[in-house]
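Written out below as structure tokens is the structure these notes cover.
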Amino acid sequence: MRLPKVLVGLVCLSASPAFAQSPGAAAPPGRAQLALDVKLSLAGLSARSCAQAPCAGAESPVAIAPEALAQASRGTVAVVPIGQGRHAVHVRIPVGVRAWETVLAAPSRGAQPKIVFNDWTGLVKGQDGLRSGPIVQVSEAMADGTRRIVIGEQREDLTLCGRPAALRPKMLVAKSLELKAARMHRLSVQERSAATRIGATRLEGEWKPGPPLLRAVAASSAASGTNPAALTDSDLETTWAEGRGGSGRGEFAVLQATPEVGIRAFEIVIRPPTETPANGVAPDEIYLATPKRLFHVSMPEDVWGVPGARYSVKLPEPVRTDCVALVTHSAQGEGKDMRVSFAEISAESELGSQSISELVAALASGDARAVAAAAVLRNLGDPAFGAVAKAFDGLDEGGRRVALDVVDHAPCKTSVPVYVRALLGAHAAQQIHASHRLRRCGSESAEPLSLALRRANAKTVGLLAEMLAVVAPDTAVTEMLARVAKGNREIRAVLRVALARASTSEKSANKIREALDDGSVPPVVSIDLLRALGPRLPRFGAQAQRAFLRLAKPGANLRTRYLLLVPAAHLARSSPAAKSFLSKAITSDESHFVRAGAALSVQRPGEFRDELLQALGDDNVRVREAAVATLGSPHGTFAWEQIVERLTKDRWPLVRSRAARALADLGPSRSIDRALAGALEDQSGHVRLPVVLALGNRRALAEAPLVRERLSDGDEILAVRANAARALGLMCDQTSIRLLTDWANKLVDGRASEAAHAIGPAAVWALGQLGPTDLKKRLTPLLAKEAPVVARAAAGMALRANGQRCRRRPATVARRALPRRVASGL
């Protein structure tokens with residue numbers, strides 16, 4: 001039997017219901033071929049040849065992967081007539097996205113069947129996007145009922161626009177029962193017969209390259225010296241020719257298309273204007289395939305005789321697609337050594353032949369037409385990118401949105417100025433888009449951002465400075481310091497934040513050191529730089545100390561002295577001069593603003609013990625308050641007696657209330673608890689408010705009766721009474737559960753008193769902290785549907801808390817950290 005030049009379209013076996021399928025199948029004997037009995041079960045795959053099926057005797061096992069064998073119940077066994085009265089048997093077991101396939105044929109003699117193929121099929125090897133693997137295809141039945149079995153390779157990146165395509169196909173030949181190379185059509189007979197027929201027409205005039213809407217990426221074969229990329233390289237002298245010869249039937253090239261743009265026609269050049277490809281021949285019929293459409297194109301006669309001629313293939317309606325396949329079908333003069341050749345193929349968009357300026361104008365409004373125009377502009381490269389950048393400011397919101405999609409494909413040199421303008425625009429989505437893209441361009445964004453920063457106003461300076469600090473921290477330092485020198489207070493505050501961000505990058509370290517060491521830098525700039533560096537100041541060592549000393553000289557004005565307090569606090573450990581500056585500022589500065597600020601700036605109270613104790617007795621109330629605030633931590637325990645003195649004797653409620661809050665954070669001590677309990681009688685409600693909470697935070701359970709008195713005192717201000725309820729929960733006073741429940745249930749009454757509305761939610765919260773075992777029962781009235789919304793919300797929060805605080809062990813301060821007289825009261 002002669003090997004046919006072409007195989008009809010192929011389909012997978014699983015798609016052909018005409019096959020006889022069962023767990024086993026018997027192929028009848030044929031011309032010089034024995035019968036073949038094949039069985040598939042969970043026990044395995046076996047086959048035996050004999051004169052007449054069913055075959056008796058021992059069967060020959062056929063190797064099969066364990067994973068496939070486990071799915072044998074899903075497998076199919078089909079007898080395939082392959083011509084000349086002979087048969088083969090096709091076994092297929094699907095396993096997920098792959099399958100185990102076996103092709104068997106009976107020999108002319110002997111019991112051992114011939115294994116033609118036995119392996120996994122599908123995309124079984126390689127990385128995602130580049131996977132490949134074997135493929136077994138069985139053709140549709142021909143007129144005489146026979147079918148063709150073809151085995152080849154498939155690639156994930158080379159399909160016929162989504163249709164499986166067997167590469168380097170080999171056909172099972174009936175005469176020899178061997179696999180031999182074959183030419184085949186990858187499009188099925190049914191699809192080809194349903195294709196839309198179009199006649200190509202010749203175009204007059206010279207070929208002019210249009211927007212590159214197509215890009216050839218791969219081909220099933222290529223003749224020597226040709227490349228599929230030549231199809232879309234805008235060079236008519238380069239060609240792609242199929243590599244199978246003859247009519248090239250079924251060979252194809254795959255082209256990526258621009259899906260946003262409808263294609264209304266294709267333009268094809270077959271023969272180069274001057275070059276004559278070796279053994280080249282023109283196609284007579286071709287197919288143009290997309291994932292959903294197929295067009296059968298007939299070429300005019302004698303195409304090869306007109307070098308450089310252009311031919312148009314006009315589609316019935318525009319087609320939007322991301323893939324186009326050019327498939328050869330027949331040639332105008334076939335020969336064994338001839339190669340069907342093509343010089344160029346391009347697409348004409350539904351927008352027509354518009355200029356770049358017309359396409360840019362079409363971006364307005366951002367509608368479907370604008371999206372299509374943007375897709376064309378993306379493919380036109382630098383001239384289009386420049387035109388879009390120039391027109392960006394004049395576009396509306398929709399137009400800017402699609403314009404940004406265009407410039408996303410431009411070099412950063414072109415796109416960054418557009419992103420900067422989008423960053424400063426009024427549309428949040430575009431600002432986010434621009435922000436991400438500026439980061440991607442990195443240091444290439446520095447110059448346009450710097451130019452914009454120099455001209456920025458108070459509304460935009462922060463946005464630009466922050467972005468510059470991210471993409472180019474070193475440039476950001478230089479630019480922002482220059483802007484600080486000219487900016488007002490509002491702008492300088494924003495720039496300090498951005499400077500702080502830039503200083504976190506090692507790239508900015510050298511620029512910062514240079515600025516710190518530069519004596520010509522204006523004092524206002526140096527101060528803001530020191531303030532921006534904050535906790536990172538010690539990292540800049542000697543440079544930071546020298547900059548500080550230049551500013552902290554005798555006779556410095558109030559502004560300078562005040563603004564240097566925080567930098568001095570950060571440098572105090574590494575710089576004796578900074579520590580001395582802060583010490584003097586606390587104790588002897590003529591301005592109480594500086595003394596108070598200095599006391600608040602101290603980070604380690606133990607290192608400024610004497611100074612802070614002196615500040616507790618300062619004549620100015622603000623200084624005393626600041627000192628108490630700084631000492632209100634476990635590190636300030638050494639000053640507990642002096643803080644108690646401020647609580648009990650200071651004539652200013654501001655200081656007494658601050659002292660109460662400070663004592664709340666010190667270690668457990670009965671002396672402190674008693675002092676706070678005494679302060680419950682303070683004349684100022686502003687003092688009693690923090691006092692009652694301080695007792696709760698300290699879990700001063702011994703003082704709970706006094707706190708309950710405050711809760712029940714009708715003459716007490718409501719805020720103090722509510723805090724008393726909270727304090728009972730904080731100190732985990734179980735004896736107050738009934739009292740708190742009574743107050744909580746008053747929330748149910750819609751006409752409840754002002755006191756109930758103030759104290760009730762606090763009582764519910766306190767019950768949640770206490771977590772009695774019957775909490776839900778106690779809160780039942782508050783959870784009812786008819787209860788006020790406030791009551792239901794408070795009860796829900798209490799149930800979620802469910803005593804977690806009171807089940808935890810109270811935090812304590814180690815006894816050795818407290819003065820002996822405090823510890824003795826534990």
Return the long-range amide H neighbours of residue 330 (sequence gap of 5 or more, or a different chain), with a cut-off of under 5 Å between placed amide H atoms.
284, 285
Heavy-atom accessible area of region 553-680 with neighbours in place, 1.4 angstrom probe: carbon+sulfur share in percent works out to 50
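Trypsin sites (Lys or Arg not before Pro), restricted to region 605-672: which are DSSP loop and have at most 14 other Cβ atoms within 10 Å?
On the way: sites: 609, 622, 624, 646, 649, 651, 656, 658, 661, 670; in loops: 651.
Listed in order of number, the matching sites are 651.
Top to bottom by accessible area (1.4 Å), largest first, where do 505, 139, 357 land? Could you put the intermediate results ahead of the total?
Values: 505 30, 139 0, 357 85 Å².
Order by accessible area, largest first: 357, 505, 139.
Hull surface divided by four, with the convex hull built on the Cα atoms of the chain: how many nm²? Let's see the in-between values first.
Working: hull surface 222.4 nm².
Its average projected convex-hull area is 55.6 nm².
Could you state the accessible area per residue of region 625-707 in Å², with a 1.4 Å probe and every protein chain left in place? If you can, show how the numbers build up before the last one.
Numbers: 3170 Å² over 83 residues.
So region 625-707 comes to 38 Å² accessible per residue, rounded to a whole number.
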Report, largest value first, the span of the C-alpha coordinates of region 464-534 along each principal axis, in whole Å.
26, 26, 19
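Could you look at region 109-231 and say what percent of its accessible area is carbon and sulfur, using a 1.4 Å probe and all protein chains?
Details: 2910 of 6120 Å².
It is 48 percent, rounded to a whole number.
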Tell me whether region 596-735 comes out rounded, prolate or oblate; compute the Cα gyration tensor, take square roots of the eigenvalues as a ≥ b ≥ c, and use a/c under 1.5 as the rounded threshold.
prolate
Within straight cross-link reach of residue 746, meaning Cα distance under 12 Å, which aspartates and glutamates are found once same-chain residues fewer than 8 apart are removed?
754
Grab the DSSP H runs of the chain that are 4 residues or longer, score each as -39,500 (n - 2.57), total them, divide by all residues and round the 222 nm result to the nearest 500 deg cm²/dmol.
-11500 deg cm²/dmol
Karplus-derived 3J(HN,Hα), 6.51/-1.76/1.60, for each residue of region 593-608, Hz, glycine and proline x:
4, 5, 4, 5, x, 5, 4, 5, 6, 4, 9, 10, x, x, 7, 10
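Per residue, how much accessible area does region 47-179 have with a 1.4 Å probe, in Å²? Can you show the working numbers first?
On the way: 5710 Å² over 133 residues.
It amounts to 43 Å² per residue over region 47-179.
Please compute the per residue accessible area over region 191-245 with all protein chains in place, 1.4 Å probe, rounded to a whole number of Å². Please report the intermediate quantities before stating the final value.
Numbers: 2870 Å² over 55 residues.
Here the residues of region 191-245 average 52 Å² of exposed surface.
Considering only DSSP states other than H, G, I, E and B, which trypsin sites (Lys or Arg not before Pro) in region 456-502 qualify as loop sites with at most 12 other Cβ atoms within 10 Å? Don't skip to the answer; put the middle values down first.
On the way: sites: 459, 483, 486, 489, 492, 496, 501; in loops: 459.
In loop regions of region 456-502 (DSSP not H, G, I, E or B), the sparsely surrounded trypsin sites (Lys or Arg not before Pro) are 459.
Tell me the net charge near residue 550. Cut-off is 13 Å between Cβ atoms, residue 550 excluded, with +1 for each Lys or Arg and -1 for each Asp or Glu. The partial results should precede the final answer.
On the way: positive: 546, 553; negative: 517, 518.
Charge balance near residue 550 sits at 0.
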If amide H atoms are built 1.01 Å from N in the plane of the peptide, which residues on other chains or at least 5 residues away come under 5 Å of the amide H of residue 45?
62
In whole Å, how far is the Cα centre of region 735-789 from that of region 228-293?
82
List, in order, the whole-Hz ³J(HN,Hα) value for each residue of region 767-776 obtained from phi through the Karplus relation with A = 6.51, B = -1.76, C = 1.60 and θ = phi - 60°; use x for Gly and Pro.
4, x, 6, 6, x, x, 4, 9, 4, 4
Candidate residues 735, 201: accessible-area rank, largest first, probe 1.4 Å
735, 201
Residue 474 accessible area, nearest 10 Å², 1.4 Å probe?
60
Calculated log₁₀ intensity ratio I(q)/I(0) where the Debye formula runs over C-alpha points of region 161-316, q = 0.09, 0.17 Å⁻¹:
-0.31, -1.14
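Lys and Arg at +1, Asp and Glu at -1: add these up for the other residues within a Cβ distance under 10 Å of residue 232 and post the number. If you can, show how the numbers build up before the last one.
On the way: positive: 215; negative: 233, 235, 344.
Charge balance in the 10 Å sphere: -2.
Kindly identify region 251-313 as rounded, prolate or oblate by the Cα gyration tensor criterion: order the square roots of the eigenvalues as a ≥ b ≥ c, call it rounded if a/c is under 1.5, otherwise compare a/b with b/c, prolate if a/b is larger, else oblate.
Working: a/c = 2.01, a/b = 1.87, b/c = 1.07.
Cα axes put region 251-313 in the prolate bin.
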Residue-level accessible surface for residue 757, protein heavy atoms, 1.4 Å, Å²:
100
Karplus (6.51, -1.76, 1.60) ³J(HN,Hα), θ = phi - 60°, over region 429-441, in Hz, Gly and Pro reported as x
4, 6, 5, 5, 4, 5, 4, 4, 6, 5, 4, 5, 6
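Counting Lys and Arg as +1 and Asp and Glu as -1, what is the net charge of the other residues whose Cβ lies under 12 Å from the Cβ of residue 55?
Working: positive: 39, 48; negative: 37, 59.
Residues close to residue 55 contribute a combined charge of 0.
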Which order do 436, 296, 570 take when ranked by solvent-accessible area (1.4 Å probe, heavy atoms of all protein chains), largest first?
436, 570, 296
Any lysines with Cα under 18 Å of the residue 413 Cα? List them, leaving off those in the same chain fewer than 8 positions away.
390
Where the Cα atoms of region 375-534 are projected onto their three principal axes, how long is each span, largest first, in whole Å?
55, 27, 22
Among the lysines, which fall within straight-line cross-link reach of residue 584, defined as a Cα-Cα distance under 24 Å, with same-chain neighbours fewer than 8 residues apart omitted?
553
Under 5 Å from the placed amide H of residue 88, counting only residues 5+ away or on other chains, we find 80, 82
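The values are calculated or read from the model by the stated rules, or taken from the named source; none is laboratory data. None of these values were measured; they are calculated from a predicted model. A quick note on method: Cβ atoms are made from the backbone with ideal geometry, for glycine too, and the neighbour counts reach across all protein chains shown. These area figures cover heavy atoms from the full protein model, side chains too; ligands, DNA and RNA do not enter into them. Shrake-Rupley method; radii C 1.70, N 1.55, O 1.52, S 1.80 Å.
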